[in-house]
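Down below is the structure, laid out as structure tokens.
The values are calculated or read from the model by the stated rules, or taken from the named source; none is laboratory data. All of these numbers come straight from a predicted model, not from anything done at the bench. Cβ atoms come from the backbone with ideal geometry, glycine included; neighbour counts cover every protein chain shown. For the accessible areas, the whole protein counts, side chains as well, though only heavy atoms, and no ligand, DNA or RNA atoms are used. Shrake-Rupley method; radii C 1.70, N 1.55, O 1.52, S 1.80 Å.
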Amino acid sequence: MRGLTVLPSGRPGRGRLYVNLPDGQAVAWYDRRTNRVSVLGDQHREAVLTALRPYLSGAWTVGPPPVPTRAELRRLALPPDEDLAPNRPGETLLGELAHGSVGTRTRHRLRQELIAQQRMGDLFDALEPDGWRVLHCLPLRTPGRIDHLLIGPAGVFCIRSLPGRRQRAVVGDLLLGVGRADPRPDPRWIRRAASAATRALGAPVTPSLALVDASRVEVAPTVRDIRVLEPATACAALASSPPTLKPPDVDALYALARDARTWLER
């Protein structure tokens, strides 16, 4: 069959690839996560595989679409404008830097924060083959946007990424100090954000701080509820954490979290 087109969905390199007829009707899709090609009719099978051949890798499978789960039905009913899955790390900062009229000092701070969010976001995205789901720049009415939300076998983590500026960082119960700069209330902020996420998702959410390029990170012994991450060890630490969620639970929470209405209605 001639005229089939392959169109991506979601963020580049991560979402499904849909195979459409010339009139736009989808006849198949390739799920990168499960490495499966779902074909809606046998009459399109060979043409679909030919169109997808450049994108297939590893031991892929092909067959009819699986019976949709409750999470998949929720995703299918999600309006595109309410879907947070395409958000990139530092999405809002990119907009502020491109269109804002802030001063030089503020722009420098925003660039540092953007680099920190992008670096940690890329690391978190790499966890997806291990059963994790990642969302970036989630809107909260209070206290503000969540940099990253990780949902995986070890639970749900609400993460704020911060630049360490190659200086010593000290995480206390209430404040975070980086070098000689004035301490910031990031520990209190992330606790509030995690509490808001817990209410929105109906599941426990662990507050976490990710410090990027700090020369040394010190955590006060009284800080027991906040997970402190660094780029070199974050993925290994999360992957080795004791499992608390099963794959269907991960998918259900992800389907709920990617809906912007989940957060803006709180």
Keeping to region 42-78, report how many residues are over 22 Å from Gly3 (Cα atoms) and either touching a residue at least 40 places away in the same chain (Cβ under 8 Å) or within 25 Å of the chain's Cα centre (by Cα) (or both).
-> 15
Restricted to region 182-212, and to residues that are touching a helix residue (DSSP H, G or I) at 6+ places or on another chain (Cβ under 9 Å) and surrounded by fewer than 17 Cβ atoms within 10 Å (Cβ to Cβ), which residue is nearest to Gly152 (Cα to Cα)?
-> Pro204
For Thr104, indicate whether it is in contact with a helix residue (DSSP H, G or I) (Cβ under 8 Å, 6 or more places away or on another chain) and among the polar types (S, T, N, Q).
-> no
Can you tell me how many residues in region 1-20 are open to solvent by 30 Å² or more (accessible area, probe 1.4 Å) and either modelled with pLDDT of 90 or more or over 19 Å from the mean Cα position of the chain (by Cα) (or both)?
-> 8
Which strands (runs of 3 or more DSSP E) does region 13-112 wholly contain that include 3 or more residues that are in contact with a strand residue (DSSP E or B) (Cβ under 6 Å, 6 or more places away or on another chain)?
-> 17-20, 26-31, 36-39
Filtering region 139-181 down to residues that are surrounded by 16 or more Cβ atoms within 10 Å (Cβ to Cβ), part of a strand (DSSP E or B) and not hydrophobic (A, V, I, L, M, F, W, C) yields Asp147, His148, Gly152, Gly155, Arg160, Ser161, Pro163, Gly177
